[in-house]
Structures are given as structure tokens and as C-alpha cells.
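Please read the structure below before turning to the comments.
No value in this document is a laboratory result; all are computed from the given coordinates. Please read these numbers as outputs of a predicted model, since none were measured by experiment. Note that we place each Cβ from the backbone using ideal geometry, even for glycine, and neighbour counts take in every protein chain shown.
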Amino acid sequence: MHWPRITIVTPSFNQGKYLEQTICSILEQHYPNLEYIIVDGGSSDNSLEIIRKYEPWITYWVSEKDNGQAQAINKGFRNSTGAIHAYVNSDDLLTEGTLAKVAKVLKNRIKSPIIVSFAGIIFGEDRKDELRLPQVYPRLKYWLAYPESLFQPSTFWTKVLHDRVGEFAEELDFCFDKEFFLKCIFKYGQYIPVQDWVASKFRLHSQSKTNLLDKVMWEENNTIGKYYRNVDHYRNILSAEESIQKSFENNRSMLERFRLLVRAAWDDPRQLKSRFYFGAIRKLGLDVVYRSKALS
């Protein structure tokens with residue numbers, strides 16, 4: 001098969017303890033058309049020694065002071081030429097065969113704005129591995145309420161989509177990936193969940209941002225929520241989701257439930273392709289049949 005170029009960016013800062021494992025998990029994919037970029041924030045540990053060790057197989061790398069993780073990721077993708085994008089942090093791992101799997105899923109969709117998310121594992125010292133499956137149908141209501149989004153190291157997207165969405169929000173310290181994925185899924189792209197493949201392992205340790213920045217994470221999530229609830233496009237999605245949810249309520253008349261589904265489709269036509277909308281249609285149809293039989 002033709003192997004589309006995949007660009008992986010690894011942002012790093014003083015992660016020498018884990019960086020080599022991350023690099024090896026990517027290079028040992030033996031993917032024939034890999035573009036691997038490392039953006040180091042000016043580390044003072046052994047990170048540069050590790051990067052230089054693998055320099056022959058790294059497409060591009062730089063070590064200089066930056067203003068945070070999002071800026072490092074943006075800097076990396078500005079130097080990319082791949083048709084498929086992803087970033088893997090310097091303490092996380094890709095599982096064997098993942099890049100080949102990504103290529104097979106996206107090989108006929110390279111020119112489309114698509115984001116695909118696979119399953120992943122959370123691991124770390126003194127904890128059991130925890131499997132995380134991608135959301136089958138993400139709902140904006142819950143995205144705006146909670147910090148969780150897609151499993152980041154298991155998520156890949158086309159360059160076409162990246163060009164539409166733009167760069168990661170550098171003013172955010174934690175939720176920049178969520179904000180980026182939110183626009184990918186709910187405005188610019190098509191979303192594909194793949195639940196039967198574990199693509200990555202997300203490491204939790206004492207210095208993980210996930211552990212250190214819990215308060216910042218919630219503050220940023222609330223900021224994102226307040227902003228997107230006031231943007232017309234996303235407000236229409238929320239309205240459609242609410243109408244669909246109400247259509248499940250049996251205390252409403254069949255006509256009212258039907259009108260709610262029509263309104264949902266009017267507010268957000270993409271709901272017509274969602275499992276959430278299909279489930280509401282199916283339930284309404286079954287209830288109509290049941291009631292008809294009960295009256296006969």
C-alpha cells in the first residue's frame with residue numbers, strides 16, 4: 001500500500017527519565033514514511049544527550065526556551081510536511097504497530113478533514129493499567145462541563161483538518177488539546193472512533209501535568225465552556241442535543257417528541273448522522289408501534 005507521511009511531534013522539557021522510551025516507541029514502529037519532530041524547551045537534564053543519540057532517525061529537532069507546551073507543539077507542526085498529524089508527549093508511548101494501523105484507517109481519507117481516536121491505556125508506578133475507550137459519539141454538553149476529551153496520545157488527524165482548525169491555543173496550559181479537538185469534532189471535521197485498537201500508553205507519575213495542574217485544568221475548562229456556550233454555532237449544537245434528550249421523555253406526546261427531533265435537525269443538521277439522534281428516532285418509532293398495539 002501507499003504509506004502516507006505521518007508527522008509525530010514530541011514536546012519535551014526536562015523529561016530525560018522517560019524521553020528515550022518515548023522516542024523508541026515511535027522509531028521502533030518502523031513506519032516507512034515517518035516524520036518525527038522533537039521540540040525541547042531548553043532542558044537542563046540529560047534530554048539533549050538522548051536526542052542526539054537518536055538524531056540520525058529524527059527528522060528535525062530544536063532545543064530552546066519557549067512559553068509552554070502548546071507553543072512547542074505549534075512550533076513542531078510549523079515544520080511538518082505530513083498528511084497525518086499527532087503529538088506524543090515525552091513521557092507517553094505508542095504501542096507496536098499503531099502507525100501502520102493509523103495509515104490503514106486514514107489512507108483513503110487523507111484529503112478529508114478527519115480526526116480519529118483509538119483506545120489507550122493509563123499506566124504508572126503503583127497503579128493498575130486502566131483502559132480508556134474513545135467516545136463513540138461525543139456530546140458537546142458534556143465536553144463543556146468536564147475537562148476530559150479524547151485520549152490525546154491515541155488521537156490522529158489529517159493535515160487538511162489541522163489547516164482548518166488552526167494552531168493550539170498557546171494561552172492555555174492544560175486544556176489546549178481539548179480546545180483543539182473540540183473544534184475538530186464539533187465544527188470543522190469528521191470524527192472516527194476506533195475501540196478495538198489500543199494505540200498508546202499515557203504515563204501518570206508524580207511530575208505529570210495531570211497530577212500537578214488539577215486546579216488550572218478546571219479553571220481553563222470553565223473558561224472554554226463559558227466562551228463556546230456563547231458562540232452561535234456551538235449554541236445551536238447544545239440546543240439540538242437538548243431537544244434530542246427531551247424527545248426520549250415518555251411523558252411528552254408523540255407529536256411533541258417528533259417536533260423536538262425536527263427542531264434538533266434544524267438547529268444542527270449533522271445530528272442526523274449521529275447515533276444519539278438515531279437512537280431517539282428508533283425509540284420514538286418503537287413507542288408509536290407499542291402504543292398502536294395497545295390501542296388496537
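Along segment 280-290, what does the Karplus equation 6.51 cos²θ - 1.76 cosθ + 1.60 (θ = phi - 60°) give for ³J(HN,Hα), rounded to whole Hz, x for Gly and Pro?
Values, residue by residue: 5, 4, 4, 5, 4, x, 5, 5, 5, 5, 4 Hz.
Which net charge results when you count Lys and Arg as +1 and Asp and Glu as -1 among the other residues whose beta-carbon is under 13 Å from that of residue 112?
Net of charged neighbours comes to +4.
Give me the one-decimal nm value for the distance between modelled label points at residue 148 and residue 81, 7 Å along each residue's Cα-to-Cβ direction.
Modelled inter-label distance: 4.0 nm.
Taking the alpha-carbon distance from residue 273 and a cut-off under 17 Å, which lysines remain once sequence neighbours fewer than 8 residues away in the same chain are dropped?
Cross-link targets: 187, 283.
Taking 20 Å as the cut-off for C-alpha to C-alpha distance, list the pairs among 107/159; 107/141; 141/246; 75/101; 111/159 that go past it.
Checking Cα-Cα distances, 107/141; 75/101 exceed 20 Å.
Expected output is a single nm value to one decimal: the length gained when fully extending between residue 295 and residue 14, i.e. 0.36 nm times separation in residues minus the C-alpha distance. What is it?
Stretched out fully, the residue 295 to residue 14 stretch lengthens by 94.0 nm.
At 0.36 nm per residue, minus the direct Cα-Cα distance, what do residue 223 and residue 67 gain on full extension? Give it in nm, one decimal, please.
Length gained, residue 223 through residue 67: 54.2 nm.
In a GNM of the chain with a 10 Å cut-off on Cα contacts, which of 78, 132, 270 has the highest mean-square fluctuation?
78
Which aspartates and glutamates does residue 17 reach when only Cα atoms under 15 Å apart count, and residues fewer than 8 places away in its own chain are ignored?
List returned: 40, 45, 49, 91, 92, 125.
What does the convex hull of the alpha-carbon atoms of segment 111-181 project to on average, in nm²?
Quarter of the Cα hull surface area: 6.0 nm².
Once label points are set 7 Å from the Cα along Cα→Cβ at both residue 44 and residue 137, what is their separation, rounded to one decimal in nm?
Output for this residue pair reads 5.2 nm.
Once you have the Cα-Cα distance between residue 275 and residue 245, take 0.36 nm times their residue separation minus that, and quote the gain in nm to one decimal.
This chain segment gains 9.6 nm when fully extended.
To the nearest 10 degrees, how steeply does helix 214-228 sit against the main Cα axis of the chain, on a 0 to 90 scale?
The helix 214-228 is inclined about 50 degrees to the chain.
Show me, for segment 245-253, the HN-Hα J-couplings you get by feeding each phi into the Karplus relation (A = 6.51, B = -1.76, C = 1.60, θ = phi - 60°), rounded to Hz, glycine and proline as x.
Along segment 245-253, the couplings run 4, 5, 5, 7, 6, 6, 7, 8, 5 Hz.
Could you pull out every residue, at least 5 positions away or on a different chain, whose amide H is within less than 5 Å of the one on residue 190? Hs are placed 1.01 Å off N in the peptide plane, and Pro or chain starts have none.
For residue 190, the qualifying residues are 114, 115.
With a sphere of radius 11 Å drawn around the Cβ of residue 252, what net charge do the other residues whose Cβ falls strictly inside it have (Lys, Arg +1; Asp, Glu -1)?
Neighbour charge sum, excluding residue 252 itself: 0.
Residue by residue through segment 106-117, which ³J(HN,Hα) values in whole Hz follow from phi under the Karplus form 6.51 cos²θ - 1.76 cosθ + 1.60 (θ = phi - 60°), with glycine and proline marked x?
Ordered by residue, 3J(HN,Hα) equals 9, 4, 9, 10, 4, 8, 10, x, 10, 10, 10, 10 Hz.
Counting only other residues whose beta carbon sits under 14 Å from that of residue 196, what net charge do I get with K and R as +1, D and E as -1?
After counting each charged neighbour, the total is +3.
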